[in-house]
Amino acid sequence: MIAGAPLDAARVGRDGALRLQFERRGAATVVAGCRSTLPLQVLAPLALDDPAAIVSILNPTGGLVGGDRLSIDVNLAAGTHAVLTTPSATRVYRTDADEATQSVKLALGPRAVVEWVPDHTIPFAGSAFRQAIDVDMDATAGLILVDAFSAGRIARGEAWRFAVLESAVSIRDQYGWLLHDRFVLRGPVAKDDPAWNGLGYGELHPYFGSIAIVGAFDLEQLAAEVRRLWASGGDAWVGVAALARRGALVRCLAASAPALIDTIETCWGLGRRALLGLPPLRLRKA
């Protein structure tokens, strides 16, 4: 917001903004700056036995409605390490008008590390949600980024009934692009439109996610671990591919929310061990 600009009362509670600044103080990463406007805020950093500063981003309104516009900007100074998560899944409610949007920008300095691991997003029937995640990182920085979704409220029979669901992940360093990954899904317009859960689509796996891991690590060892853990398929299908430079992209399809959560947490743990030499992080969520 421009200083001195009049406040649009109609947008209060609809235009959420969050700015976070992480700095290194001694051996610790600390939150050096934080500004937020509803419907975005953060909880107090968690104190766990881990080198990262762990911050949970909260939307206290219970979810996104049409016309909501969220903007998150995070800056990590040299040598910092932050884990950014959410307390629970993000719900996107039905709209008959405007889309809900979320813009995330992550800026990583030299040797900085960020783990962007929010819970999955649930687009309700008739909802419209567009998201863009942009990462600018130093060539010496590290990244683990999770982008995960449900196809809707599955238990209510609302799979793939959203109006539109879009997510774009863009990652670059000073030498160029590392990843640009985007999908746009639209719900059925006519009764005879093909279902996203059909052959060649979700195939009865209405939970899906991607995990990008960027930095210096042994890709072959990571891929071997993925193949070993999911060789038999079951409730989750998982694959891994190398990026053109410095990283890997893991894709997963899951048959249930518990299977998705378990798969994401396992892949996150594999990424932590490969990239950072750290054990899995247990966030103690309810």
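The values are calculated or read from the model by the stated rules, or taken from the named source; none is laboratory data. Small disclaimer: the values here were computed from a predicted structure and weren't measured. Cβ atoms come from the backbone with ideal geometry, glycine included; neighbour counts cover every protein chain shown. Side chains included, ligands, DNA and RNA excluded: accessible areas come from the protein's heavy atoms. Shrake-Rupley method; radii C 1.70, N 1.55, O 1.52, S 1.80 Å.
Among the residues of region 175-189, are any modelled with pLDDT under 95 and hydroxyl-bearing (Ser, Thr, Tyr)? No. Give me the residue from region 145-187 that is under 15 Å from the mean Cα position of the chain (by Cα) and among the aromatic types (Phe, Trp, Tyr) and, out of that set, most open to solvent (accessible area, probe 1.4 Å). Looking at residues that are under 15 Å from the mean Cα position of the chain (by Cα) and among the aromatic types (Phe, Trp, Tyr), I get Phe183. Take the residues in region 92-130 that are among the charged types (D, E, K, R) and assigned to a loop (DSSP other than H, G, I, E, B), then tell me which one is modelled with the lowest pLDDT. Ranking the candidates gives Asp96 first. Looking at region 94-119, which of its residues are closer than 23 Å to Ala257 by Cα and open to solvent by 20 Å² or more (accessible area, probe 1.4 Å)? Within region 94-119, Arg94, Gln102, Pro118, Asp119 meet the criteria.
Those strands (runs of 3 or more DSSP E) of region 197-286 in which at least 2 residues are under 17 Å from the mean Cα position of the chain (by Cα) and not polar (S, T, N, Q), considering only elements entirely within it, cover 207-214, 247-254. Val42 falls short of the stated requirement of being within 20 Å of Ala17 (Cα to Cα) and crowded, with 22+ Cβ neighbours inside 10 Å. In summary, Gln21 fulfils each of the numbered conditions (1) of a type outside the set (Ser, Thr, Tyr); (2) surrounded by fewer than 11 Cβ atoms within 10 Å (Cβ to Cβ); (3) modelled with pLDDT of 95 or more with the single exception of condition (2). Residue pairs whose Cβ atoms lie under 9 Å apart, sitting 6 or more positions apart in sequence or on different chains, and linking a residue in region 194-213 that is more than 13 Å from Leu253 (Cα to Cα) and touching a residue at least 24 places away in the same chain (Cβ under 8 Å) to a partner that is in a loop (DSSP other than H, G, I, E, B) and not polar (S, T, N, Q), are Ala195/Ala159; Ala195/Trp160; Ala195/Pro188; Ala195/Tyr201; Ala195/Gly202; Ala212/Leu243; Ile213/Leu243. In the set (1) in a strand (DSSP E or B); (2) within 26 Å of Pro280 (Cβ to Cβ); (3) not aromatic (Phe, Trp, Tyr), Arg172 fails one condition alone, (2).
Of all residues in region 67-92, those that are over 19 Å from Ala52 (Cβ atoms) and touching a residue at least 12 places away in the same chain (Cβ under 8 Å) have Cβ atoms under 6 Å from Cβ atoms of residues that are hydroxyl-bearing (Ser, Thr, Tyr) and open to solvent by less than 20 Å² (accessible area, probe 1.4 Å), 6 or more apart or on another chain, in Thr90/Thr121; Val92/Ser127. Kindly check whether there is at least one residue in region 120-135 that is of a type in the set (Gly, Ala, Ser), open to solvent by 10 Å² or more (accessible area, probe 1.4 Å) and under 17 Å from Ala17 (Cα atoms). Yes; the residues of region 120-135 include at least one that is of a type in the set (Gly, Ala, Ser), open to solvent by 10 Å² or more (accessible area, probe 1.4 Å) and under 17 Å from Ala17 (Cα atoms).
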